[in-house]
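J.: My structure is below; once you've seen it, I'll send some questions.
The values are calculated or read from the model by the stated rules, or taken from the named source; none is laboratory data. Everything numeric in this text was worked out from a predicted model, so none of it was measured. Ideal geometry is used to build each Cβ from the backbone, glycine not excepted, and the neighbour counts take in all protein chains shown.
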Amino acid sequence: MDIWQAIEDRHSVRQYELKPIEEDIIHQLNHEIALCQQESGLKIQLICNEPQAFQSFFVHYGRFKNVHNYIAFIIKSDDDNEKVGYFGERVVLKAQQLGLNTCWVGATYHAKKVPCSLHAEEKIACVITVGYGITQGKPHKSLPMEKCCLCIDEKTEWFEKGMQAVMLAPTAMNSQKFFLTLKDHHVDISSHGSYDKINLGIVKYHFEQGSQKDSSIWL
Ligand SMILES: Cc1cc2nc3c(=O)[nH]c(=O)nc-3n(C[C@H](O)[C@H](O)[C@H](O)COP(=O)(O)O)c2cc1C
């Protein structure tokens with residue numbers, strides 16, 4: 001599955017089958033996580049067969065079910081949140097390519113139950129659930145693209161492709177509170193609202209994949 005297919009197919013999935021993730025798939029996911037850790041300097045940990053962090057009243061409300069595997073992102077400062085979004089979404093799309101489903105989770109889990117050792121200044125920024133979904137999820141409602149971008153330069157095909165990928169990106173509470181401006185052959189981006197920095201990183205990753213540009217595109 002190529003990255004574009006993964007971007008199109010990915011939707012948040014909160015209910016999972018009890019089937020464990022195969023060793024080979026875990027190995028490939030851990031390999032991507034190791035690369036992301038190396039490039040970002042973040043602490044990223046795949047935790048398998050751990051049901052406690054999602055065992056709570058949320059289960060009874062039918063929100064999350066059978067979450068036994070998740071990836072924790074550990075940060076030292078809120079300045080790391082953009083990187084969490086960028087590298088977290090890279091892991092999400094890799095998981096999708098490996099036949100897994102995911103959901104970003106910033107709030108609705110028990111952070112204290114996550115079994116990773118934190119140094120004094122460290123905290124968990126968020127987790128991403130991972131496993132075999134009972135369903136593949138469904139496309140989110142989306143704002144029209146025109147509400148999320150402006151072209152000061154003449155619109156290019158790469159910008160259009162980048163924006164198509166951006167509109168498919170997950171954002172906290174599906175807020176889509178971001179704005180991209182094409183000017184001087186570069187792109188200016190802003191985001192606001194809760195989890196703005198994580199959302200910003202996610203959106204940047206989608207834009208780069210869709211437009212096939214690298215990080216030098218950002219103003
Ligand atoms: C930073 C971030 C935090 C999120 N936190 C939660 C959460 O605490 N609980 C939850 O059920 N979903 C959470 N989500 C999932 C969003 O609700 C979901 O991505 C959004 O509704 C768009 O749907 P989609 O992912 O299917 O495209 C979060 C997503 C992001 C990006």
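J.: Return the residue satisfying two criteria in turn: it lies in segment 156-180 and is away from the ligand (no atom under 13 Å from the Cβ) and surrounded by fewer than 17 Cβ atoms within 10 Å (Cβ to Cβ), and of such residues it is nearest to the chain's Cα centre (by Cα). So that I can check it myself, show each step before the final result.
T.: So in segment 156-180, the residues away from the ligand (no atom under 13 Å from the Cβ) come out as 156-164, 179-180.
The next check asks that each one be surrounded by fewer than 17 Cβ atoms within 10 Å (Cβ to Cβ); those that pass are 156-158, 160, 179.
Numbers: Thr156: 26, Glu157: 25, Trp158: 22, Glu160: 21, Phe179: 18 Å.
Per the criteria, the residue is Phe179.
J.: Oh, and also: Filter segment 106-127 down to residues that are β-branched (Val, Ile, Thr) and not in a strand (DSSP E or B) and give me whichever is farthest from Ile74 (Cα to Cα).
T.: Ranking the candidates gives Thr108 first.
J.: Here is a follow-up. Looking only at segment 1-31, which residues are more than 16 Å from the ligand (Cβ to nearest atom) and either in a loop (DSSP other than H, G, I, E, B) or at positive phi (or both)?
T.: Met1, Asp2, Glu17, Leu18, Lys19, Pro20, Ile21, Glu22
J.: Here is a further query. Which of the residues belonging to segment 46-59 are more than 15 Å from the ligand (Cβ to nearest atom) and closer than 18 Å to Asn101 by Cα?
T.: Leu46, Ile47, Cys48, Asn49, Glu50, Pro51
J.: Now for a separate question. Quick one: in segment 122-155, of everything that is among the acidic types (Asp, Glu) and surrounded by 13 or more Cβ atoms within 10 Å (Cβ to Cβ), which residue is farthest from Gly106 (Cα to Cα)? Reasoning before the result, please.
T.: Within segment 122-155, the subset among the acidic types (Asp, Glu) is 122, 146, 153-154.
Checking which are surrounded by 13 or more Cβ atoms within 10 Å (Cβ to Cβ) leaves us with 122, 153.
Values: Glu122: 16, Asp153: 36 Å.
Filtering segment 122-155 for residues that are among the acidic types (Asp, Glu) and surrounded by 13 or more Cβ atoms within 10 Å (Cβ to Cβ), the one farthest from Gly106 (Cα to Cα) comes out as Asp153.
J.: A follow-up question, please. Return yes when His119 is exposed (fewer than 10 other Cβ atoms within 10 Å of the Cβ) and either within 15 Å of Arg14 (Cβ to Cβ) or not basic (Lys, Arg) (or both) and no when it is not.
T.: It is true that His119 is exposed (fewer than 10 other Cβ atoms within 10 Å of the Cβ) and either within 15 Å of Arg14 (Cβ to Cβ) or not basic (Lys, Arg) (or both).
J.: Can you pull out the residues in segment 99-115 that are of a type outside the set (D, E, K, R), touching an Asp or Glu at 6+ places or on another chain (Cβ under 9 Å) and surrounded by fewer than 22 Cβ atoms within 10 Å (Cβ to Cβ)?
T.: Val114, Pro115
J.: For segment 1-21, enumerate the residues that are surrounded by 21 or more Cβ atoms within 10 Å (Cβ to Cβ) and of a type in the set (Ser, Thr, Tyr).
T.: Once the filter is applied, which keeps residues that are surrounded by 21 or more Cβ atoms within 10 Å (Cβ to Cβ) and of a type in the set (Ser, Thr, Tyr), segment 1-21 yields only Tyr16.
J.: Now, a different point. Select from segment 181-211 the residues that are over 20 Å from Phe159 (Cα atoms) and within 11 Å of the chain's Cα centre (by Cα) and list them in ascending order.
T.: Within segment 181-211, Ile198 is the sole residue that qualifies.
So that you can scan it fast, the table gives a plain yes or no per residue for (1) at pLDDT 95 or above; (2) more than 12 Å from the ligand (Cβ to nearest atom); (3) within 18 Å of Gly210 (Cβ to Cβ):
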| position | (1), (2), (3) |
| --- | --- |
| Asn81 | yes, no, no |
| Phe87 | yes, yes, yes |
| Arg90 | yes, yes, yes |
| Thr102 | yes, no, no |
| Thr108 | no, no, no |
| Cys116 | no, yes, no |
| Ala125 | yes, no, no |
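J.: So which of Asp196, Asp188 ends up being within 14 Å of the ligand (Cβ to nearest atom), charged (D, E, K, R) and modelled with pLDDT of 95 or more? If you could, list the steps in order and put the result at the bottom.
T.: Numbers: Asp188 fails: within 14 Å of the ligand (Cβ to nearest atom).
Unique residue meeting the criteria: Asp196.
J.: Scan segment 181-200 for residues that are among the small types (Gly, Ala, Ser) and either closer than 19 Å to Ser216 by Cα or surrounded by 21 or more Cβ atoms within 10 Å (Cβ to Cβ) (or both) and jot them down.
T.: Selection gives Ser190, Ser191.
J.: Looking at segment 35-45, is at least one residue closer than 16 Å to Val130 by Cβ and within 12 Å of the ligand (Cβ to nearest atom)?
T.: If we filter segment 35-45 for residues that are closer than 16 Å to Val130 by Cβ, which is where we start, we get 36, 44-45.
Right, trim to within 12 Å of the ligand (Cβ to nearest atom) and you get none.
Taking every residue of segment 35-45 in turn, none turns out to be closer than 16 Å to Val130 by Cβ and within 12 Å of the ligand (Cβ to nearest atom).
J.: In addition: Of these, Ala34, Ala53, which one is surrounded by 14 or more Cβ atoms within 10 Å (Cβ to Cβ), of a type in the set (A, V, I, L, M) and part of a helix (DSSP H, G or I)?
T.: After applying the criteria, what remains is Ala53.
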